[in-house]
Amino acid sequence: MIRNVAGSVLALAGATAAVWSPFRAWYDGRHGRDYAIDELFTGITDAKGELLGSMLAPFLFAALLTLLGVVLRSRLLVAFAGLVVLGFTVLWMVRVGQAEGSLTIGGDGTGLGDGVANAFGGGILLLLGALVMSGRSRPPHRVDKPPRYTHPTLDEPPPDGPPTVEAPGAHPQASTPYAATQTYDVPAWDPEQERENPPPKA
């Protein structure tokens, strides 16, 4: 839960930086919104592009993917949004380098501006957010428990499992709790024999 919250904050911060970057200077004071998106494939010109057809368009698409990824807790969507931001930024740098001959960084407002830094930072934050997020939690795998031990009855056979203690009398061959009885021959009392052989007196 904490990882999802932290990853979502990083991802939203990255998407905000990426969307804000076209409104900052990208090269020689020229804002990113002034570069038409089709110039990334045909070549950079001095013509000013429309707002929705500028570098803002892919970053808005990345922000939409980020929001969808945060809601669905999808690391894949957030990571893809970061790749979109970084990919279009690198493609822009390649095209501007081809048009200018080289890329420079100046402290007086010439060369690469803070808009490019915002775009790069936003893309990296999106990738970090995707790495931090734990994604959607999967439901625990349900394992059917074996049936509990039940005492067998006379109407059904005993269940498979450990040997059970059967009640006496459940089967004809069941052993009884008492030992087998034995008989002894005891002579019967004969009064005539007692008269002939009286017992000695003490």
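The values are calculated or read from the model by the stated rules, or taken from the named source; none is laboratory data. As the structure is a prediction and not an experimental result, all values here were calculated from the model. Glycine also receives a Cβ, built like all others from the backbone with ideal geometry; neighbour counts cover every protein chain displayed. With ligands, DNA and RNA removed, areas are computed over all heavy atoms of the protein, side chains included. Shrake-Rupley method; radii C 1.70, N 1.55, O 1.52, S 1.80 Å.
Summarise the long-distance tail of P(r) for the range 1-127 by giving the % of C-alpha pairs beyond 24 Å.
On the way: 2162 of 8001 pairs.
Looking at the range 1-127, the distances longer than 24 Å represent 27 percent of pairs.
Counting every alpha-carbon pair across the range 52-137, the share separated by more than 23 Å comes to 31%. Each peptide in 88-95, 53-60, 41-48, 14-21 gets a packing score, the mean of other Cβ atoms within 10 Å over its residues, and the list from highest to lowest is 14-21, 53-60, 88-95, 41-48.
Per residue, how much accessible area does the range 25-130 have with a 1.4 Å probe, in Å²? Don't jump to the answer; show the numbers that get you there.
Values: 5260 Å² over 106 residues.
I get 50 Å² per residue for this part.
Note on residue 9 and residue 117: their simple-model spin labels are 2.3 nm apart, each label 7 Å out from Cα toward Cβ. Of the accessible area of the range 1-146, computed with a 1.4 Å probe over protein heavy atoms only, carbon and sulfur atoms account for 66 percent.
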